[in-house]
Every structure is written in structure tokens, then in C-alpha cells.
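Peer 1: Below you'll find the structure I mean.
The values are calculated or read from the model by the stated rules, or taken from the named source; none is laboratory data. Just so it is clear, the structure is predicted and the values come from calculations on it, not from any experiment. Reconstructed Cβ throughout: ideal geometry from the backbone, glycine too, with neighbour counts over all protein chains shown.
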Amino acid sequence: MRDYDAIDTLLVRAEAEAYAAEFHGFICGQLCVSGKADMELWKDFLDVQSSDEELIQLCYEEALQLINLTSEQLQAEEFGLQLLLPDDGASIGLRVEALVNWCHGFLNGYGLSEAQNRNGTTGECNEIIEDFTQMCRLDLTDDEQEDEEHSFMELVEYARMGAIFIYEELQPALSRPEDLH
């Protein structure tokens with residue numbers, strides 16, 4: 001996966017309105033629904049405010065690389081999607097905040113792209129979407145940090161597998177290469 005800190009720093013420098021985890025969630029939501037990331041939607045979501053054209057271009061190039069990598073990961077047979085979150089060395093509070101942002105971004109990308117969904121949704125997909133909505137409400141106090149590490153890792157894995165499940169449900173032709181005989 002691309003480096004969370006580098007992407008987040010770039011987005012802050014470019015005065016984007018989205019954080020790295022939130023943007024990654026957004027493009028995952030778009031890819032799950034439509035199989036592609038709509039450039040106009042993700043540029044609007046980033047809402048880059050910088051007047052530095054080179055920095056804006058660098059930001060968009062990094063975004064395109066992240067989109068391509070994420071698309072490849074979603075299509076991988078080995079459940080290869082990795083969420084763009086801070087590494088394990090970051091505080092649990094920062095990682096929880098990033099997971100909340102990722103879920104928020106996913107819900108936005110999913111919702112804005114939902115009109116492009118030609119396959120309909122299943123009850124399982126709707127349940128995962130509701131769970132992501134609940135995860136947006138996560139909060140962690142300093143007293144809980146030590147005890148919550150294992151629970152946090154389970155939530156990350158649930159979000160990762162939930163996104164893969166939704167992608168496979170809504171993009172069956174893209175996610176399952178057909179065997180040639």
C-alpha cells in the first residue's frame with residue numbers, strides 16, 4: 001500500500017478538504033459501486049484549495065496512482081485490499097480517527113455513485129453499509145487505548161473484508177476472472 005503519512009501530508013499541503021484515509025474510503029466506495037472512480041466526483045471530494053498548480057498536479061497524480069492500486073487490490077483473487085491507514089506505530093487514537101474517516105469516505109463514495117449501480121444491492125451489502133455508518137461514530141478515550149488494540153484490528157479487518165464483499169457483490173464480472181477452457 002502507498003504511504004499513509006506521505007499522502008496525508010501531500011493532501012494537507014495542497015489544502016485538500018479530505019484526509020488520506022477518507023479519500024481512500026471514498027474511492028473504494030466508488031469502485032465498489034461502479035467499478036471505476038469518477039474523476040469529477042473524486043476531484044470534487046478532494047476539493048483542493050491550493051493555488052500552486054504543480055502541487056495540485058502532484059496531488060492528482062498521487063490520487064490516480066492510489067486509485068489504480070486500489071482497483072488492482074479489489075480485483076485480486078487473494079483479498080488484497082489494504083486500507084490506507086496510519087501504521088501500527090501511530091497512536092491508537094489517530095488510527096481510530098483514520099478508520100472513522102475511511103468509513104465516512106466510503107459511505108460518501110458509495111452514496112454518490114449509487115445511481116450507477118446496475119446490479120442492485122443485497123441484504124448483506126446493506127448490513128455492511130449500516131455497520132460502516134455505526135463505525136463512523138467510534139470514539140476512543142485515552143483510558144481505553146491499551147484494551148482496544150485488538151478490537152481496533154478486528155474493525156479494520158471487518159471494514160477491509162466488507163469493502164471486498166460489496167465489491168464482489170456489485171462487480172462480479174470484474175472481481176472474478178473466468179476460467180478459460
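Peer 1: Say whether the condition of being among the polar types (S, T, N, Q), without any contact (Cβ under 8 Å) to a residue 40 or more places away in the chain and surrounded by fewer than 19 Cβ atoms within 10 Å (Cβ to Cβ) is met by at least one residue in the stretch 64-80.
Peer 2: yes
Peer 1: From the list Cys28, Cys32, which one is in contact with a Phe, Trp or Tyr (Cβ under 9 Å, 6 or more places away or on another chain), at pLDDT 95 or above and farther than 18 Å from Thr9 by Cα? Steps first, please.
Peer 2: Working: Cys32 fails: at pLDDT 95 or above.
On inspection, the qualifying residue turns out to be Cys28.
Peer 1: So which residues in the stretch 14-49 are touching a helix residue (DSSP H, G or I) at 6+ places or on another chain (Cβ under 6 Å) and more than 26 Å from Gln75 (Cα to Cα), if there are any at all?
Peer 2: Result: Ala14, Ala16, Val48.
Peer 1: Is it fair to say Leu83 is crowded, with 20+ Cβ neighbours inside 10 Å and at pLDDT 95 or above?
Peer 2: Numbers: crowded, with 20+ Cβ neighbours inside 10 Å: yes; at pLDDT 95 or above: yes.
Here the answer is yes, as Leu83 does meet what is asked.
Peer 1: When you scan the stretch 63-75, do you find a residue that is of a type in the set (S, T, N, Q), more than 23 Å from Leu170 (Cα to Cα) and modelled with pLDDT under 95, even just one?
Peer 2: Within the stretch 63-75, none of the residues are of a type in the set (S, T, N, Q), more than 23 Å from Leu170 (Cα to Cα) and modelled with pLDDT under 95.
Peer 1: How about the stretch 10-83: which helices (runs of 4 or more DSSP H) wholly inside it have at least 3 residues that are under 12 Å from the mean Cα position of the chain (by Cα)?
Peer 2: Working: elements: 20-34, 39-46, 53-75.
By residue number, 20-34, 53-75.
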